[in-house]
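Reading through the structure tokens given below for one structure.
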Amino acid sequence: MFTETAIAAAKAHALSAYPQEACGIIANDIYIPCDNVADDPLTNFAIATDTIQYYIIGGTLQAVIHSHPHVQFDVPSSPSKSDMQGQISMNVPWGVIDTDGEVVADPWWFGDFLLDEPLLGRTFHHGVRDCYSMIRGWYWQKLEIKLPEFPRDNMWWVTDDNLYLDNFTAAGFIKISRAELMNGDLVLGRANSTKINHAGVYLDNKEDGKGLLLHHLPKRLSARQAANPWINRAEVFLRYAP
């Protein structure tokens, strides 16, 4: 997304700041390191408001990057709820650099620019490419509807948060019955959880009359699968009706 020079500078900054979180911005295709002014820079980051505002007002802010130290490299880390809130408020891509103090990974990115990515074959990445991201992508690409993003921590379903049931009304959905299912409706159920934590888009299959479910499960690629096995276990059905 950005120049190799800018990314190399951001990665070097992440290593030099370890074990604290490094942070900086990209403006005019240049990485600019910033002081981490968070109360606890070992677990969080913050960039001074006047610094951010300078580049926003000047119209040169292209991205924000920070590091996640103390990570394992078998899977990338995920954006925190506060990371997602910050990205939404600034409306530019955010990048995260995973590092253990010795190895530093290329940044992974999140933001609404991902809405245009192909829907099938995505690698699961919570808060970036997960089941709700899939729903947002389908509604944007097929209906030109931009559903609101809801900031969420990884494993939100073991906390007091309830992503789908708490927010479906705000996203413009109403509950319907299973018998009313039509193309584009949502099918909600549980995936290894006591809480509803998974959803997919129901798709009419005109060729054989059997519906499909477009969804994305952890540790799997996004896919279309026969809908009935999921519908039979589903607990809530939703229709977009703002």
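Tabulated data
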quantity	calculated
Identity of the residue in region 147-188, farther than 20 Å from residue 211 by Cβ and of a type in the set (Val, Ile, Thr), that ends up farthest from the chain's Cα centre (by Cα)	169
Region 27-70: number of residues that are touching a Pro at 6+ places or on another chain (Cβ under 9 Å), more than 19 Å from residue 82 (Cα to Cα) and open to solvent by less than 30 Å² (accessible area, probe 1.4 Å)	0
Flag if residue 196 is of a type in the set (A, V, I, L, M, F, W, C), at pLDDT 95 or above and either within 19 Å of residue 78 (Cα to Cα) or surrounded by fewer than 16 Cβ atoms within 10 Å (Cβ to Cβ) (or both)	no
Residues of region 73-125 that turn out to be under 17 Å from residue 13 (Cα atoms), charged (D, E, K, R) and surrounded by 18 or more Cβ atoms within 10 Å (Cβ to Cβ), as a count	1
Sole residue being modelled with pLDDT under 95, under 30 Å from residue 219 (Cβ atoms) and of a type in the set (Ser, Thr, Tyr), chosen from 82, 67, 77	77
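The values are calculated or read from the model by the stated rules, or taken from the named source; none is laboratory data. None of the values given here were measured: they were computed from a predicted structure. Positions of Cβ are backbone-derived with ideal geometry, glycine not excepted, and every protein chain shown enters the neighbour counts. The area values use the complete protein model at the heavy-atom level, side chains included, leaving out ligands, DNA and RNA. Shrake-Rupley method; radii C 1.70, N 1.55, O 1.52, S 1.80 Å.
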